[in-house]
Amino acid sequence: MEENTMDLKKMTFDLHQKLESVARLKKLASGDLSLQEYKEILIRFHGFLEPMEAQIDDLMYKNKRLQDLQKDLIKLDINCAEIPQCKDLPKLYTDENRYAFIYVMEGSRNGGMFLSKILQEKLPSAPLHYFYGMGPQTMAYFQELKSSILTKDLDQKKLVESVQECYLKMIKWFEY
Ligand code: HEM
């Protein structure tokens, strides 16, 4: 099937901006935070990502980001089993729901690359497996993944709505 030309990034840009502007994430992006604050942000990502990934069957994506996140948390002496989980999660009923979540989590690697550069400099004691991820391969990997999602037989409107729901639920979760 031919890839459609829908620009998922453009269509959900406003909510990405809103997520980036949540006070804690803004602070993260400035690099002006303590290791304790960094820990708390990683704990929050885990509380969202773990219960979502538990519902994803696609082995190609499953666990990749979670494993990196857990490496960092273990390094910071956190017991991942004790981390509180988000209860108000995006729906994962349909293919549109599932691919939207994969798009959001794998796409956030791009922001992660940006963050890891800043943090390396400003918070050198911070473990960066989660944000650094695949390093220089990130962009190519994500472009290919995004293209493959856009060639699938998905309802575009529902896909966009599902991406929006992921962003909105994350905003809520990070604005605690
Ligand atoms: C800490 C704040 C964040 C910053 C500074 C940030 C920054 C960025 C940057 C620089 C890009 C690349 C933009 C480009 O291609 O021109 C990006 C892409 C992306 N980010 Fe973020 N981000 C942040 C948080 C997040 C979070 C928490 C998520 C969701 C879990 C997320 C999801 C995405 C997605 C899905 C893309 C790919 C968009 C696309 O190319 O289709 N971002 N982000």
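Read-outs throughout are calculated quantities, based only on the coordinates presented, and are distinct from any laboratory measurement. The structure displayed is predicted, hence computed values, not measured ones. Virtual Cβ from ideal backbone geometry, glycine too; neighbours counted across all protein chains shown.
For this structure, a couple of remarks:
- Greater than 23 Å apart at Cα, pairs in LYS9/LYS39; LYS10/LYS146; LYS26/LYS91: LYS9/LYS39; LYS26/LYS91
- Legend: translational diffusion of the range 8-174 by Stokes-Einstein, Rh = Kirkwood radius over C-alpha pairs, 4 °C, 1.567 mPa s; D = 80 µm²/s.
- Distance-filtered residues of the range 86-105 - backbone nitrogen under 18 Å, label point 7 angstrom along THR151 Cα→Cβ: 99-100, 103
- Residue by residue, the range 144-161 carries 3J(HN,Hα) couplings of 5, 4, 5, 4, 5, 5, 6, 8, 6, 7, 10, 6, 4, 5, 5, 5, 4, 4 Hz when phi is fed to the Karplus relation 6.51 cos²θ - 1.76 cosθ + 1.60 (θ = phi - 60°); x denotes Gly or Pro.
- Contour minus Cα-Cα distance for ILE171 and GLU20 (0.36 nm per residue): 53.5 nm
- Helical contribution to [θ] at 222 nm, DSSP H n ≥ 4, -39,500 (n - 2.57), averaged over the chain, rounded to 500: -20500 deg cm²/dmol
- Both radii were evaluated on the Cα set of the range 14-57; the Rg over Rh quotient, with Rh as the Kirkwood radius, amounts to 1.07.
- Rounded to two decimals, the Cα-based Rg/Rh of the range 40-94, with Kirkwood Rh, is 0.97.
- Derived scalar couplings between HN and Hα for the range 119-124 equal 5, 4, 7, 8, 9, x Hz in order, rounded to whole Hz, by the Karplus curve 6.51 cos²θ - 1.76 cosθ + 1.60 (θ = phi - 60°), x for Gly and Pro.
- Three-way shape call for the range 89-128 based on the alpha-carbon gyration tensor, with the a/c threshold at 1.5: prolate
- Degrees separating the helix 35-53 axis from the principal Cα axis of the chain, which is the longest one: 30 degrees
- For the range 58-154, the normalised intensity computed at q = 0.15, 0.16, 0.23, 0.25 Å⁻¹ comes to -0.71, -0.80, -1.28, -1.35 (log10 of I(q)/I(0), Debye sum over alpha carbons, equal scatterers, no solvent).
- Considering only TYR99, TYR141, TYR130, the mean-square fluctuation computed in a Gaussian network model of the chain, springs between alpha carbons under 10 angstrom, is largest for TYR141.
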